[in-house]
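The values are calculated or read from the model by the stated rules, or taken from the named source; none is laboratory data. Please read all numbers here as calculations on a predicted model, not as lab measurements. Here the Cβ positions follow ideal geometry from the backbone for every residue, glycine too, while neighbour counts run over all protein chains shown.
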Amino acid sequence: MSILVDESTTFIIQGITGREAVNMTRECLDYGSQVVGGVTPGRGGRDVYGVPVCDTVKEAVANAGRVDGSVITVPPAFVRDAAFEAIENGIRIIVIVTERVPRYEMAQVLELARLRGTRVIGPNCLGVISPGKSKMGGIGGPAANTRQAYRAGHIGVMSRSGGMTTEISNSLTAAGFGQSTAVSIGGDPLIGSTYAELMPLFEADAETHAIVIYSEPGGPMDAQLAQWVKENNSRLPIIAFMAGRFMDKMPGMRFGHAGTIVEGKQDTAAEKIRRLQDAGISVAEEISHIPELVRQRLAIGD
């Protein structure tokens with residue numbers, strides 16, 4: 001098993017004729033993902049590496065026969081319309097790569113997705129990968145690099161940073177731990193799926209034996225995760241790495257992502273670490289320490 005995507009997942013890419021989207025299409029195809037169509041208004045009838053381009057999502061869905069997901073790569077001003085179009089055409093998982101989406105418009109997307117039962121990953125993310133099965137988005141980069149960094153296994157990975165999703169997975173792979181699914185959840189303040197919201201999926205996945213998360217100062221997601229773990233008595237050992245500990249001395253400073261502004265004591269690295277540890281989550285001092293903590297926690301779980 002895996003969560004969100006597997007070898008049978010079919011998806012389209014909205015904005016497929018853009019420069020970055022063209023590269024992403026090639027990378028996904030090379031990895032073996034089922035990219036069954038693309039959408040760019042006014043470019044219908046063309047193709048990108050053999051993937052047919054349509055003017056609308058409705059046309060792409062009709063041509064493909066079945067579309068499970070969509071990767072949205074359009075400019076920020078068009079994300080809301082693109083997401084609405086995907087949701088209203090029955091697409092059940094949307095990965096929004098675009099960053100700087102206006103918050104009000106993102107809130108509208110998430111509300112419609114909730115009403116229609118669509119799962120949103122992002123915005124400002126690199127996507128999702130179930131190693132050896134499929135990837136949606138630019139996660140891992142070229143297929144050769146992706147195969148080197150990600151291997152099929154039993155560790156779930158979640159990260160606000162797309163690059164750190166791969167860095168952590170690569171460190172796990174090098175230590176002999178493959179991944180069940182890795183999710184770049186997005187670095188913006190308002191995102192579709194938080195750590196706590198993805199936990200039930202990992203919890204239900206028999207192939208996932210432990211979770212690793214990469215976190216940063218700012219935002220409520222770590223506290224929400226700690227609360228979820230306590231309230232649901234999670235079966236999964238969780239290991240976290242907290243970046244940006246230096247920010248505790250510089251409140252109000254941003255650290256990389258728009259979602260990491262520290263607004264008070266509850267958003268500091270020290271307070272987040274305290275809450276995570278209080279919930280039984282192990283916190284690694286360095287990324288290189290993560291595999292050993294995974295090894296220890298799995299041994300405890302046995």
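For segment 161-181, give me each residue that is of a type outside the set (S, T, N, Q) and within 24 Å of residue 206 (Cα to Cα).
Hits for segment 161-181 are 168, 172, 174, 175, 176, 177, 178.
When you look at residue 157, is it in contact (Cβ under 8 Å) with a residue 24 or more places away in the chain and under 16 Å from residue 70 (Cβ atoms), yes or no?
Taking the combined requirement at face value, the residue does not satisfy it.
crowded, with 24+ Cβ neighbours inside 10 Å and under 27 Å from residue 74 (Cα atoms): which single residue out of 163, 122, 156 fits that description?
122
Quick check: anything in segment 116-137 part of a helix (DSSP H, G or I), modelled with pLDDT of 95 or more, out of contact with any Ser or Thr (no Cβ under 8 Å at 6 or more places or on another chain) and more than 24 Å from residue 35 (Cβ to Cβ)?
Within segment 116-137 (the criterion being part of a helix (DSSP H, G or I), modelled with pLDDT of 95 or more, out of contact with any Ser or Thr (no Cβ under 8 Å at 6 or more places or on another chain) and more than 24 Å from residue 35 (Cβ to Cβ)), the answer is no, since none of the residues qualifies.
Taking segment 33-73, which residues are touching a residue at least 60 places away in the same chain (Cβ under 8 Å) and of a type in the set (A, V, I, L, M)?
Within segment 33-73, 71 is the sole residue that qualifies.
Among 50, 45, which is the only one that is on the phi > 0 side of the Ramachandran plot and touching a strand residue (DSSP E or B) at 6+ places or on another chain (Cβ under 8 Å)?
45
Can you tell me which residue within segment 1-41, out of those that are in a loop (DSSP other than H, G, I, E, B) and among the hydrophobic types (A, V, I, L, M, F, W, C), is nearest to residue 57 (Cα to Cα)?
Within segment 1-41, the match that is nearest to residue 57 (Cα to Cα) is 16.
With the condition kept exactly as written, say whether any residue in segment 109-123 is under 24 Å from residue 238 (Cα atoms), among the aliphatic types (A, V, I, L, M) and more than 16 Å from the chain's Cα centre (by Cα).
For segment 109-123, residues under 24 Å from residue 238 (Cα atoms), among the aliphatic types (A, V, I, L, M) and more than 16 Å from the chain's Cα centre (by Cα): absent.
Within the set of pairs 6 or more residues apart or between chains, which connect a residue that is farther than 15 Å from residue 238 by Cβ and free of Cβ contacts under 8 Å to residues at least 12 places away in the same chain inside segment 183-196 to a residue that is crowded, with 24+ Cβ neighbours inside 10 Å and of a type outside the set (Val, Ile, Thr) with Cβ atoms less than 6 Å apart?
Short answer, once both residue conditions are applied: none.
Could you check segment 1-47 and list, in sequence order, the residues that are modelled with pLDDT under 95 and surrounded by 16 or more Cβ atoms within 10 Å (Cβ to Cβ)?
2
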